[in-house]
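Since the structure comes first, as structure tokens, the remarks are kept for the end.
The values are calculated or read from the model by the stated rules, or taken from the named source; none is laboratory data. Remember, it's a predicted structure, so these values are computed and weren't measured experimentally. All Cβ positions, glycine included, derive from the backbone under ideal geometry; neighbour counts span all protein chains shown.
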Amino acid sequence: MDTSQIFVTLTGIGLAAFVVWYFFFGKRETQSATLTNSGIQEVAVTVKGGYSPDVIEVVKDKPVRLKFYRDETSSCSEELVFGEFSLRRELPAYETTVIDILPTKAGTFEFTCGMNMLRGRLVVR
Ligand SMILES: [Cu+2]
């Protein structure tokens, strides 16, 4: 193999590794809530073609404040549904909607858009 063949091979391996990494690890963005002085676990979520972060980690029995900023007008994300907490909320475009919940049991709870297309998870420990 000469230098250019080695280069092409290594680039190929690198790209394949990146695709694998992206598929398994890159898709989900996990964030732990920040505990404020008032004892509230806060997380800011950006809504734009999805939820970012889309996996939110909190602890049980402490109030959680989710601040959803909807950075688009796409009708897909105009509603937020959080089945576990019997919530269905309008998210006005380019505004922050504050959602307060109290997780009283551990588990993984999904939140979605009104059409069940965009998905995120609240992981309660
Ligand atoms: Cu949708």
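Observations, loosely collected:
- Among the residues making up segment 68-125, those that are closer than 15 Å to residue 48 by Cβ and of a type in the set (Ser, Thr, Tyr) are 69, 73, 74, 75, 77, 94, 96, 97.
- Residues of segment 46-73 that are of a type outside the set (A, V, I, L, M), touching a strand residue (DSSP E or B) at 6+ places or on another chain (Cβ under 9 Å) and within 16 Å of the ligand (Cβ to nearest atom): 46, 48, 50, 51, 52, 54, 68, 70, 71, 72.
- Cβ pairs under 6 Å, 6+ apart, first in segment 97-116 and small (Gly, Ala, Ser), second more than 16 Å from the ligand (Cβ to nearest atom) and in a strand (DSSP E or B): 106/124; 107/124
- Screening residue 29 against (1) at pLDDT 95 or above; (2) closer than 15 Å to residue 122 by Cβ leaves a single unmet condition, (1).
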